[in-house]
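Remarks on the structure that follows.
The values are calculated or read from the model by the stated rules, or taken from the named source; none is laboratory data. Fair warning: this is a prediction, and the values are worked out from it, not measured in the lab. For neighbour counting, all protein chains shown are included, and Cβ atoms are generated from backbone atoms with ideal geometry for every residue, glycine included. The protein model used for the area step is the full one, side chains on, heavy atoms only, and it has no ligands, DNA or RNA in it. Shrake-Rupley method; radii C 1.70, N 1.55, O 1.52, S 1.80 Å.
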Amino acid sequence: MRFSLPGVLVSVGAAAAPVMGLLVAPPDAVQGEVQRLMYVHVPAAWTAYLCFTAVLAAGLLRLVRRRPALDRLGRAAAEVGAGLTALAIVLGMLWGRPVWGVWWTWDPRLTTTVLMLGAYLVYLAVARLAGGRAAAWAGCAGFLTVPLVHGSVLWWRALHQPPTVLSPEGRWPIAPPMLAALLVSTAAFAALAAWVIARRARSLAAERPGSPVPAPRIGPEVPAGAAR
Amino acid sequence: MKVGVKLLVASAALVAGGVVAYRALDDGLVYYRTPQELAASSQALPGRLRVGGLVVEGSVLAVPGGVAFTLTDGVSDLRVVHTGAVSPVFAAGQGAIVEGRLDGRVFRSDRLMVKHSNEYRPPPAAATIAPAAAPIAPAAVSRTRVGLTEWAISARDPLLRPGPVSLEVTNAGATAHDLIVTGGGVSAHTPVLAPGQSATLRLRAPRGALLTLVCGLGGHEPLGMRGTLRVAT
Ligand SMILES: [Cu+2]
């Protein structure tokens, strides 16, 4: 049996996060047991931010250097990020029904999160249809939704609560075992995302060798049919 | 260098677009209004609107098919009669946002949403009672209400009488705030108030002074938590 270090890290995280979130962390005084959804909802949203950061980094590098590997990295990160954004939205709705009293409302945080999911889908569509530089531009522009989502509860009045950990005052109004559960779960999500993105980028390379942009092929290569 | 120029043009366009969107959201598409804005608005309000604030302790009353309560932003109060579903976590001392229409001085709501603070803590082992607001001395002091929300400080009266003054400070927001008053030799502050908490700040207002109000929690002042109070001459 072979063990890879990233695989071991992901497994340890996947084992530790539920223990922390379900057993170590206490229920919330106001929200009760439902509050535990936070240990999945918040890490999913943060990891979605990180995935868009990877899309941005790959896009910026791609605009400078033409490397097909960067196209694949951006696409893989966007696929994972779009899934995590959708997960954060669905879990937020499941939490919102008992705690807010509504499944959905067009408050600034919810609206901008839908925008971020839209930006991911636009990027993936451009990556599939055009690829290359156009996709890189779409990825860089789409990344702007990340500060928009984060700032939505700071700049505008919202139903969604202001940030607890990423707050501007650098003061964390959360009980230490709850914070620990949140951070362990976030580490697990980030490790899992990195692992999935790396594997997906590799499988994209195998699926379609070369860049999604038709690369100019110069040389004596002749189409297989003509060679016969 | 062509890439650099393109990047510059594109980012300038995106920043401009962002600023326009920000302005639009900031002015026109306010997600909810405050009781003070409703009280102060002279122009006709749109038929259906949202109002948000803190549910005043002791104001909640069960009514047929719903609940009645008072919403405050720390400055103005609004009586709400809600008909419809009530979330089991709805309680006094927490934030709420209601949707409906204003009917005279009463707001008739048909959608009630509970606004949660950004604080997470385990249930208390033994019941701890939050310190009650200090009793207000019945002496002839001038008194005003100051509301702390995300992200504004609003006072009911902009002008104070010189001499001893009481500020009834309420955190009607969803995160912790405090109030620091300076100017004219005055330097006073409340403790950090958790969402829903209030405190009375007593100070001696010097004749003709301009008092500056800010929230001392990091980053809150630049977000808009500042204001002034003038003392009469
Ligand atoms: Cu503040």
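The table below gives the values:
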| item | result |
| --- | --- |
| Selection status of A:P18, over 22 Å from B:R121 (Cβ atoms) and not in a loop (DSSP other than H, G, I, E, B) | no |
| Counted residues, the range B:84-109 - those being open to solvent by 10 Å² or more (accessible area, probe 1.4 Å), within 14 Å of chain A (Cβ to nearest Cβ) and on the phi < 0 side of the Ramachandran plot | 11 |
| Sole exception among (1) in contact (Cβ under 8 Å) with a residue 24 or more places away in the chain; (2) under 25 Å from B:G95 (Cβ atoms); (3) not in a strand (DSSP E or B) for B:T233, by number | (2) |
| A:P176 under 23 Å from B:V192 (Cβ atoms) and within 7 Å of chain B (Cβ to nearest Cβ) | no |
| Any chance B:G196 is away from the ligand (no atom under 12 Å from the Cβ), within 14 Å of chain A (Cβ to nearest Cβ) and surrounded by 15 or more Cβ atoms within 10 Å (Cβ to Cβ) | yes |
| Search result, residues across the range B:170-187 that are of a type outside the set (S, T, N, Q) and either surrounded by 16 or more Cβ atoms within 10 Å (Cβ to Cβ) or within 16 Å of the ligand (Cβ to nearest atom) (or both) | B:A172, B:G173, B:A174, B:A176, B:H177, B:D178, B:L179, B:I180, B:V181, B:G183, B:G184, B:V186 |
| Residue in the range A:39-54 that is farther than 22 Å from A:S167 by Cβ, open to solvent by 50 Å² or more (accessible area, probe 1.4 Å) and outside any loop (DSSP other than H, G, I, E, B) present | no |
| Filter result (more than 14 Å from chain A (Cβ to nearest Cβ), open to solvent by less than 20 Å² (accessible area, probe 1.4 Å) and within 15 Å of the ligand (Cβ to nearest atom)) within the range B:202-226 | B:L213 |
| A:A25 vs. criteria under 30 Å from A:I174 (Cα atoms) and open to solvent by 20 Å² or more (accessible area, probe 1.4 Å) | no |
| Failed criterion for A:A119 (all others in (1) assigned to a helix (DSSP H, G or I); (2) within 30 Å of B:P88 (Cα to Cα) hold) | (2) |
| Selection within the range A:135-180 - in a helix (DSSP H, G or I), open to solvent by less than 50 Å² (accessible area, probe 1.4 Å) and without any contact (Cβ under 8 Å) to a residue 12 or more places away in the chain | A:G151 |
| Residue match in the range B:154-169 (condition: within 14 Å of chain A (Cβ to nearest Cβ), open to solvent by less than 40 Å² (accessible area, probe 1.4 Å) and either within 16 Å of the ligand (Cβ to nearest atom) or outside any strand (DSSP E or B) (or both)) | yes |
